[in-house]
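What follows is calculated from the coordinates using simple rules that are stated; it is not laboratory data. Bear in mind that the values here come from a model prediction, so they are computed numbers and not experimental data. So basically every Cβ, Gly included, is an ideal-geometry build from the backbone, and we count neighbours across all protein chains shown.
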Ligand SMILES: NC(=O)c1ccc[n+]([C@@H]2O[C@H](COP(=O)([O-])OP(=O)(O)OC[C@H]3O[C@@H](n4cnc5c(N)ncnc54)[C@H](OP(=O)(O)O)[C@@H]3O)[C@@H](O)[C@H]2O)c1
């Protein structure tokens, strides 16, 4: 699939929280750091180019977190894109601490969440965060205290909408007793669909479902596998089919493929152009 004339606009629109429209195919900015999502990337200029190219190709939804680096991803986004175009929505997260490469520990104490939201505002150069997601529920802190602090920040005008990450339907329902939740970000892709009940809940309630690790096609990307065969027939890449499948799976689906290279960001956004037939979609759905 060539990138000539490609735009993420082709993936369709979704209004987060009913009032924040984005093109459904977005970009995940976790891969813009050093190894283990720690420290600075090897080539910061390429990271800047990736972000600018994504927006140039119509991406209006960018996902990041305070903990990516930490802070590195948010600061690169500010450097590359600030002042932001009016239609660009940056979603960030708080609630995971970092003490080294690949180490992620949840801390949901209200004073910590508040500090991290203040830091994200500063690092992103924003006065209000459009979508703040609780990165993980901290099992040591009552959920209503964690979501309650985000609701307070919302009342203070520092957060527009609140989302959750890696939650079950019952946790989602529990959180909604404290604040309005507009999105869920859970692990979900063609090969790993454990979050299906949460996706169905989001569909029923018009909440955004943001599948992380959307390209983990695993065995399916292999030569001779079902994705590879169809990719050859459609002149596409297996990774593009994984994204096209997600986009067709649900109108509330907002995939955020991550990459550290311009060539992959171009390839991924070109997936917005692919319209899978019902037969091809069913074949992929049933192939695992
Ligand atoms: N909520 C959470 O707990 C959570 C957890 C993890 C991630 N996330 C979010 O989800 C986003 C996506 O997740 P992810 O980055 O883990 O997984 P992903 O987007 O499924 O895959 C990223 C990996 O695929 C490679 N890749 C990207 N495009 C490719 C292409 N066209 N061809 C071949 N390889 C390609 C990237 O390497 P290159 O850099 O070489 O392209 C990278 O190693 C993250 O950026 C982050 O915003 C959230």
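Numbers at a glance
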read-out: Cα gyration tensor shape of the chain, rounded if a/c is under 1.5, else prolate or oblate by comparing a/b with b/c; value: prolate
read-out: The chain: angle of helix 72-81 to the longest principal axis, Cα-based, in degrees nearest 10; value: 70
read-out: Cβ-based exposure ranking for 122, 160, in which fewest neighbours within 10 Å come first; value: 122, 160
read-out: Of all DSSP beta bridges in the stretch 20-108, antiparallel share, percent nearest 5; value: 25
read-out: Nitroxide proxy distance, nm - points 7 Å out along Cα→Cβ at residue 168 and residue 282; value: 3.4
read-out: Theoretical ellipticity at 222 nm over the chain - DSSP helices of four or more residues, -39500 (n - 2.57) apiece, nearest 500; value: -10500 deg cm²/dmol
read-out: Fewest-first ranking of 43, 280, using other Cβ atoms within 10 Å as the exposure measure; value: 43, 280
read-out: Relative exposure of 237, 42, judged by other C-beta atoms within 10 Å (fewest first); value: 42, 237
read-out: Estimated inter-spin distance, residue 40 and residue 152, nm [label 7 Å along Cα→Cβ]; value: 3.6
read-out: For the stretch 56-163: rounded, prolate or oblate by the Cα gyration tensor [a/c cutoff 1.5]; value: oblate
read-out: DSSP beta bridges in the chain [antiparallel fraction, %, rounded to 5]; value: 20
read-out: Length gained when the stretch residue 261-residue 206 is fully extended (0.36 nm per residue, less Cα-Cα span); value: 16.5 nm
read-out: Projected-area mean, the stretch 157-282, by convex hull of Cα positions, square nanometres; value: 9.1
